[in-house]
1. Can you name the residue in the range 38-59 that is of a type outside the set (A, V, I, L, M, F, W, C) and not in a helix (DSSP H, G or I) and is also modelled with the lowest pLDDT among such residues?
2. For Asp31, state whether it is in a helix (DSSP H, G or I) and at pLDDT 90 or above.
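The values are calculated or read from the model by the stated rules, or taken from the named source; none is laboratory data. Keep in mind it's a predicted model, so treat the numbers as computed, not measured.
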Amino acid sequence: MSLGPYTSFIVTSYLLAAIVVLMLIAWIAVDYRRQKQRLRELDASGMTRRSGRSAADIR
């Protein structure tokens with residue numbers, strides 16, 4: 001398979017795109033872990049979620 005005179009540009013573009021996608025995946029995974037840890041800390045401190053309350057608790 002010959003890509004012609006633009007081989008280096010095409011390969012570099014694909015590599016950079018792959019690196020960006022991998023960095024985004026890593027960022028999302030790290031943020032997910034941080035959010036889960038923060039929720040555990042809030043639950044441990046006694047903070048309750050609004051969605052966990054019943055209609056009787058709101059009044």
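1. Initially, the range 38-59 is screened for residues of a type outside the set (A, V, I, L, M, F, W, C), giving 38, 40-41, 43, 45-46, 48-54, 57, 59.
Subset that is not in a helix (DSSP H, G or I): 45-46, 48-49, 53-54, 59.
Numbers: Ser45: 89, Gly46: 84, Thr48: 72, Arg49: 70, Arg53: 62, Ser54: 61, Arg59: 55.
Only one residue fits best here, namely Arg59.
2. In short, yes.
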